[in-house]
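Report on one structure; see the data block that follows.
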Amino acid sequence: MNHVLEIDGVQLEFDGRKILSGIYLRCETGKITGLLGKNGQGKSCLMKIIYGSLPCEKSVRFDHISIVESFKRPDLLVYLPEFNFIPKSLSLRRVFQDFGLEFSKFQDRFSEFATRDKSSVGSLSGGERRLIELYVIVKSASQFAMLDEPFTHLNPLQIEKVKELLIEEKTNKGLLITDHMYRHTIDICDSLYVLTNRQTYLTKSVTDIETLGYARL
C-alpha cells in the first residue's frame, strides 16, 4: 500500500518578514522527492515545519490525517538534520543497537568501517560521522525520511554508494531530500520541487530549474 505525505497552508514569518507562503509539497512511498532552492529560501525551515520542531501555521497530513508534531511519530517520519545529532561519546555498536540495526550489514556496504564497531562517534571524521547518521536514519522503520544535506562531507565514492542505498531504500519508504549538490539529487529523484520566492514549484522538466532561476544546467 502506498502512503502519502502532504504539506500546505504554511505561513512562516520572522520579525515581520514572510519566509514561506504558498507552499505545497507531496511525497509518496516508493519515490524520492527532491527539494532544491538557493541559500536562505527556507528549505531547512520547511523540513523542520513538517517535522513539527518549528511551530507555525501549517497543514501536514499523512494519508489525509493531520499530524501536528510528526517528531512524536517515528513510525511515520524520521529526519536527518543538517547538523550532527548523535552524541560523540557513543560507540558505533551502541548507535546501531539503539536504532535496531546490524552493524555487519553497514560494514558490508562501507568496508572502511570494518571492525570499527567499538570506535566512538567522536573519533570519526566529518564525512564518516555524516555517513553513520545518514545510514541509521535511512534504514529506520518509518514510512518517510527527510534528509537535509545528506551528501555533505562525503567523498565521491561514498556519495555514489549512498545514492545506490537511497534508490534501494525507496522501496520501503518515501524519501524527501534537499542538498546543494543538486546534480546528485536530480540523478535519483522521481519528482522535484524548487523553492523560490517563498513558494514551491513542481518541475516538469530539467529546464524548469533554469527557468526558476535555481541553476544553469
Tell me, in nm to one decimal, what length is gained between SER59 and LEU90 on full extension, where the rule is 0.36 nm per residue of separation less the Cα-Cα distance? 7.5 nm
Can you work out the base-10 log of I(q)/I(0) for segment 123-184 at q = 0.30 1/Å, using the Debye formula on its C-alpha atoms alone? -1.50
Sort out for me the Cα centre separation of segment 29-100 from segment 128-181, rounded to whole Å. 12 Å
For every helix of n ≥ 4 consecutive DSSP H residues, a contribution of -39,500 (n - 2.57) applies; sum these over the chain, divide by its total residues, and give [θ] at 222 nm rounded to the nearest 500 deg cm²/dmol. -8000 deg cm²/dmol
With both partners inside the chain, how many of the DSSP beta bridges are antiparallel, as a percent to the nearest 5? 55 percent
How far apart, in nm, are the 7 Å Cα→Cβ label points at SER44 and SER66? 2.9 nm
When we measure straight from the Cα of LYS170, which lysines land under 27 angstrom away, once same-chain ones fewer than 8 places off are left out? LYS31, LYS38, LYS43, LYS48, LYS58, LYS72, LYS105, LYS139, LYS161, LYS204
Could you work out the Kirkwood radius for segment 94-217, taking every pair of different alpha carbons, averaging 1/r and inverting it, reported in Å? 15.9 Å
Net length gained if the chain between LYS31 and ASP187 were fully extended (0.36 nm per residue, minus Cα distance): 54.9 nm
Peptide ranges 191-203, 153-165 listed from the most packed, as the mean C-beta count within 10 angstrom indicates: 191-203, 153-165
Cα pair count fraction exceeding 30 Å, expressed as % - the chain: 22 percent
Compute the length gained on full extension between SER21 and ASP98: take 0.36 nm times their separation in residues and subtract their Cα-Cα distance, giving the result in nm to one decimal. 23.9 nm
Which FRET efficiency value, to the nearest 0.05, do you get for GLN11 and ASP208 by plugging their Cβ-Cβ distance into 1/(1 + (r/R0)^6) with R0 = 22 Å? 0.30
In nm, the gap between the two label points placed 7 Å beyond Cα toward Cβ at MET1 and SER120 is 4.6 nm
Would you please report the Å³ per residue occupied by the convex hull of the alpha carbon atoms in segment 1-74? 96 Å³
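Computed from the coordinates by the stated procedures, all read-outs in this text should not be read as laboratory data. Worth saying up front: this structure is predicted, and the values here are computed from it rather than measured. So basically every Cβ, Gly included, is an ideal-geometry build from the backbone, and we count neighbours across all protein chains shown.
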